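Here is the structure we will look at, set down as structure tokens.
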Amino acid sequence: MQTIWFIFVALMVTMYVLLDGFDLGAGAIHPFAAKNDAERRTILRAIGPVWDGNEVWLIAAGGTLFFAFPVLYSAGFSGFYLPLIMVLWLLMIRGLSIELRAHMNNPLWASFWDAAFFIGSALLAIFFGAALGNVVRGVPLNPDGYFFQPLWTDFSPFSDNPGILDWYTVLIGLLALTTLIVHGANFIALKTEHDLNARARKISHRFALATIVLTVLGTAATFWVSPWMIESYNQRPYGYALPLVAIAGLVGMVFFALRGRDRAAFLSSSAFIVGMLTSNVFGVYPNVLPAVNPENSLTVFNASASNYGMAVGLVWWSIGMVFATIYFVVIYRLFRGKVRLEDEGY
């Protein structure tokens, strides 16, 4: 039962990064892909019907974490207090920028919220990548299962008291940023036409190269910082299929982007994200929060709720997922196709 809920949490986090990831990427390219107000409104209109729905997966993942792994929830939310507050502010700034931009027909007003949209989106991508880096590297958990991390210490991932930021977590944060920029650019290219479509494709081409380089560096650094992860794959060789999915997605998003096949390029960047996240999840298991001292690590077994509670929760979780799936299928079908500005709105 603990493993099942571990997979469910990983599934919801992956869905969040996959869906809200292109929203973050669209925000990160917003000032560069759009050259006038109409194009900036077009980008916002491309994500307008779905961006807040995509963030439901983040809320659902947090709620499921609280229910299924309460020890992890209490340790993680206290130890990562400072970065979580920063993420909360960035989420609010980004949401306000999307909702308030069109409330006043003033260039200065629009420019202010455009800048907020860009800053919030880009920094969120970096912070989420750094968060993944912290989980893979390990945190300074004490025997009681608690820790506190400053924003940075000596910038070394091998320290006994590492900070949120070190050269490894910054590297993973930059990889997350370039990945979501490519993912967002592919989505904007899929949803738009003419000059905006061409610029989005060009951004995708350029940052795909950066993503390839950072993927190689990030993978090598991961096995250097956390060599124990390779043991997970050696013990369960079928897990090697997950990195192959990431490699196929990486090759596909470059191949299809160069040929102007926007839908295939977007699906390929989606496969790359899914492959990368599931590869890390597979390598970390059975840990849910590795510690600098491995004896203090939180696992699916010592951080979980009771089996009875998990069994009851499985029923309600399944019902909720049915409704969520129906909602997302309907909303994405309703707003499929290219976006235009003929009607009022974004």
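Here is a check on your reading of the model: is Trp89 within 30 Å of Ala311 (Cβ to Cβ), in a helix (DSSP H, G or I) and modelled with pLDDT of 90 or more?
The answer is no for Trp89.
Looking at Ser121, Ser111, Ser97, which one is in a helix (DSSP H, G or I), without any contact (Cβ under 8 Å) to a residue 12 or more places away in the chain and farther than 30 Å from Ser306 by Cβ?
Ser111
Out of segment 55-83, which residues are under 18 Å from the mean Cα position of the chain (by Cα) and more than 30 Å from Tyr327 (Cα to Cα)?
Gly76, Phe80, Pro83
Based on this model, can you work out whether Val315 counts as assigned to a strand (DSSP E or B) and either free of Cβ contacts under 8 Å to residues at least 40 places away in the same chain or within 28 Å of Pro157 (Cβ to Cβ) (or both)?
So Val315 does not fit the description; no.
Within segment 216-247, how many residues are among the β-branched types (Val, Ile, Thr), free of Cβ contacts under 8 Å to residues at least 60 places away in the same chain and under 20 Å from Trp167 (Cβ atoms)?
Total meeting the criteria: 2.
When only residues in segment 68-80 that are part of a helix (DSSP H, G or I), at pLDDT 90 or above and not small (Gly, Ala, Ser) count, which is surrounded by the fewest Cβ atoms within 10 Å (Cβ to Cβ)?
Pro70
Matching residues to (1) modelled with pLDDT of 95 or more; (2) farther than 22 Å from Ala34 by Cα; (3) among the basic types (Lys, Arg); (4) assigned to a loop (DSSP other than H, G, I, E, B):
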{"position": "Leu174", "(1), (2), (3), (4)": "yes, yes, no, no"}
{"position": "Phe187", "(1), (2), (3), (4)": "yes, no, no, no"}
{"position": "Asn197", "(1), (2), (3), (4)": "no, no, no, no"}
{"position": "Leu217", "(1), (2), (3), (4)": "yes, yes, no, no"}
{"position": "Ser232", "(1), (2), (3), (4)": "no, yes, no, no"}
{"position": "Gly275", "(1), (2), (3), (4)": "yes, yes, no, no"}
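Hey, could you check segment 225-236 for residues that are farther than 22 Å from Leu177 by Cα and not hydroxyl-bearing (Ser, Thr, Tyr) and say which is surrounded by the most Cβ atoms within 10 Å (Cβ to Cβ)?
Met229
Could you tell me whether any residue of segment 139-158 is closer than 17 Å to Asp23 by Cα and either in contact with a Pro (Cβ under 6 Å, 6 or more places away or on another chain) or not in a helix (DSSP H, G or I) (or both)?
No: zero hits.
Among Gly133, Gly62, which is the only one that is touching a residue at least 12 places away in the same chain (Cβ under 8 Å), in a helix (DSSP H, G or I), out of contact with any His (no Cβ under 9 Å at 6 or more places or on another chain) and of a type in the set (Gly, Ala, Ser)?
It is Gly133.
Being small (Gly, Ala, Ser) and in contact with a Phe, Trp or Tyr (Cβ under 6 Å, 6 or more places away or on another chain) is the filter here, so list the residues in segment 1-37 that pass it. Lay out the reasoning, then the answer.
Going residue by residue through segment 1-37, those that are small (Gly, Ala, Ser) are 10, 21, 25-28, 33-34.
Correct list: Gly27 only.
The values are calculated or read from the model by the stated rules, or taken from the named source; none is laboratory data. Predicted, not measured: the structure shown is a model, and the values here were computed from it. FYI the Cβ positions are ideal-geometry reconstructions off the backbone, even for glycines, and counts take in every protein chain you see.
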